[in-house]
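Note sheet for the following structure.
Read-outs: derived from the displayed coordinates by stated rules, not from any lab. Every value quoted in this text rests on a predicted model; they were computed, and no experiment measured them. Positions of Cβ are backbone-derived with ideal geometry, glycine not excepted, and every protein chain shown enters the neighbour counts.
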Amino acid sequence: MRLRVLGLAGLVVLLFFEQQLFSQNLEDAVRFSTPQTLGTARFVGMAGSFGALGGEASAVNSNPAGIGVFRSGQFTSSLTFGQSKNNSVHYGSEAEASMGFGRLSNFSVVLSEEADHPDWEFVNAFFSYNQQSMFTSKSKFEGVNNQSSLLDLYFLDVIEDPDVTVESIPDFFPFGAGLAWGAYLIDTANGEYIHANELHGQTQGREDQERRGIGHWSFGVGGNYRDKLYLGASVGVSALRYSSTSTYTEEMPENDPNTFMTSWKQTSELNISGNGFQLKMGAIYRINKYLRMGASFKSQEFFKLSESYTNILEANWEDRAQTGAESPESLNEYKMRSPYTIGFSLGAAKKKLGAINFDVDLVDYRALQFSSMPAFPVDFTDLNNELSSTFKPRFNFRSGIEKPIGPYALRAGYAFNQGIQNTTLFDRHQFGFGFGYRKDLFAFDIGYGYAVSNVGVRYIHFAENINLAPSQYQTEQHQLVLSFAVYLK
């Protein structure tokens with residue numbers, strides 16, 4: 001047996017977690033900076049393509065010049081219902097996991113006033129809440145692994161560090177190997193370290209659940225200059241709330257003669273919250289009676305974030321009661337700056353024929369940066385240098401069309417978001433369809449959006465000197481949006 005000595009080594013814990021924080025923050029930053037097509041039914045039905053058209057509540061968040069296009073006041077509210085689904089293949093075994101959602105996706109008010117000026121037609125004010133991102137997602141991976149175990153990695157952590165002793169394992173590895181040691185999955189026998197699944201063959205699984213999202217409040221102003229040039233700018237404040245639960249499991253074959261351990265699982269909880277601040281500005285120019293072009297700029301969003309992270313490990317045995325261990329709660333506060341976005345648009349509109357629009361956005365992920373807070377002085381220099389040298393600008397494309405038929409309207413759109421190599425953000429395609437009805441001062445719209453990512457790879461864990469087969473997965477999302485608008489004369 002072994003001597004178990006529990007102690008507190010705060011500095012060691014901090015230094016260890018600082019390294020884990022880098023990759024964790026990298027994935028979070030990409031997730032928090034990824035654009036999503038959310039908002040009103042009209043916006044979703046045209047796949048978010050409104051940059052040169054304007055006059056649409058959610059589109060103002062893409063190009064604030066759209067504020068200047070309004071010619072009357074307007075109140076809009078939207079509800080979104082949907083489902084996200086992940087399909088995976090892990091060691092030849094297929095799995096599917098889904099999660100539903102429903103929430104207020106848009107609320108906006110436009111106040112429009114004819115300008116008392118010979119050149120300015122209208123001056124408008126705009127206030128809105130728009131769902132900027134949704135993190136509702138569930139994924140599942142499961143399959144038989146005859147090559148490795150996560151315990152191999154924890155085992156190597158212990159034996160390869162010459163400074164580690166049996167007394168110091170929990171302090172050196174409080175979120176990984178220390179938990180396996182505390183649950184007796186790593187032990188000693190005849191003076192050597194052993195672990196409970198050295199011959200493998202277990203059913204390996206991982207399930208992840210993500211919740212919450214980013215809500216964006218904005219206030220903007222816009223103007224119409226001679227029905228030729230539309231200008232707009234807005235100030236926005238975001239509320240970010242993110243929670244994730246990840247459960248990793250290994251279950252041994254029944255009556256396995258190579259171990260007394262029957263199964264074990266590790267559950268990780270991550271919670272992040274904070275607020276962000278962003279500036280946006282844009283312009284729309286009418287080339288002729290029907291053709292328009294637009295340009296916009298969205299600054300980096302400046303976030304202040306707080307997070308907490310914990311791990312719990314539990315093991316089940318044939319010959320003893322359940323064992324387990326729990327990590328300390330790791331807390332951190334830091335600042336994050338998202339990428340900035342430059343957008344260009346081209347559109348055409350004629351009252352009886354309808355409208356068509358094309359948008360291209362450049363998102364410069366090289367501008368993504370982290371900085372520490374005084375209470376948690378983590379050095380992000382290496383990570384920031386890697387981000388600026390490794391990440392490249394990415395392009396997103398959107399197109400949409402709207403066809404009026406009397407008081408009705410039909411809509412369709414397509415959007416493509418380019419992924420980022422070596423992250424979990426893959427190329428994403430979105431298709432939109434919609435229907436609208438307007439009568440006098442009221443309008444009702446229905447929009448449907450379907451988004452699907454390219455097939456990507458993910459490694460459930462890493463084992464030294466073993467060429468592990470990556471897992472494959474693909475993400476799908478369905479959303480149905482209902483919007484109601486009242487026009488204020």
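Data table
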{"quantity": "Debye log10 I(q)/I(0) for the range 61-160, one point scatterer per Cα, at q = 0.20, 0.21, 0.25 Å⁻¹", "calculated": "-1.03, -1.06, -1.22"}
{"quantity": "Stretchable slack from Q421 to W120, in nm (0.36 nm times residue separation minus alpha-carbon distance)", "calculated": "103.7 nm"}
{"quantity": "0 to 90° range, to nearest 10: angle between helix 381-390 axis and the chain longest Cα axis", "calculated": "60 degrees"}
{"quantity": "Highest-first arrangement of 324-331, 278-285, where packing means the average Cβ count within 10 Å", "calculated": "278-285, 324-331"}
{"quantity": "Candidate values [x] 148; [y] 183; [z] 159, label of the one derived for volume of the Cα convex hull per residue in Å³", "calculated": "[x]"}
{"quantity": "Gain upon complete extension [R366, F127; 0.36 nm per residue less C-alpha separation]", "calculated": "82.9 nm"}
{"quantity": "Farthest positive-ward along the chain dipole, Cα basis, beta-carbon charges - from T424, L199, P393", "calculated": "P393"}
{"quantity": "Calculated [θ] (222 nm, deg cm²/dmol) that DSSP helices of n ≥ 4 give over the chain, each run adding -39,500 (n - 2.57)", "calculated": "-3500 deg cm²/dmol"}
{"quantity": "Radius 14 Å from Cβ of G54, net charge of other residues (Lys, Arg +1; Asp, Glu -1)", "calculated": "+1"}
{"quantity": "Anchor K335: lysines whose Cα lies under 18 Å away (excluding residues fewer than 8 positions away in-chain)", "calculated": "K304"}
{"quantity": "Value of Rg/Rh across the range 195-241 [Cα atoms, Kirkwood radius]", "calculated": "1.58"}
{"quantity": "Cα radius of gyration and Dmax for the range 317-416 (Å)", "calculated": "24.9, 78"}
{"quantity": "Convex hull volume of the range 149-217 per residue (C-alpha atoms, cubic angstrom)", "calculated": "139 Å³"}
{"quantity": "Length gained when the stretch F277-L480 is fully extended (0.36 nm per residue, less Cα-Cα span)", "calculated": "70.2 nm"}
{"quantity": "Compactness index (Cα Rg / 2.2 N^0.38 Å), the range 104-143", "calculated": "2.33"}
{"quantity": "Cα centre as origin, Lys/Arg/Asp/Glu Cβ charges: the chain dipole, Debye", "calculated": "3760 debye"}
{"quantity": "Neighbourhood net charge (11 Å Cβ-Cβ; Lys/Arg +1, Asp/Glu -1) for V123", "calculated": "-4"}
{"quantity": "Cα pair count fraction exceeding 14 Å, expressed as % - the range 375-437", "calculated": "71 percent"}
{"quantity": "Under 20 Å from the S246 label point (7 Å along Cα→beta-carbon), backbone N, the range 86-103", "calculated": "86-91, 95-99"}
{"quantity": "³J(HN,Hα) computed for each position of the range 265-270 - Karplus, 6.51 cos²θ - 1.76 cosθ + 1.60, integer Hz, glycine/proline x", "calculated": "9, 10, 10, 10, 10, 10"}
{"quantity": "Under 5 Å, built H, 5+ apart or other chain: amide partners of F70", "calculated": "G55"}
{"quantity": "Listed peptides 129-141, 103-115 by packing density, highest first (mean Cβ within 10 Å)", "calculated": "129-141, 103-115"}
{"quantity": "Interchain or long-range residues, amide H under 5 Å from S148's placed H", "calculated": "G201"}
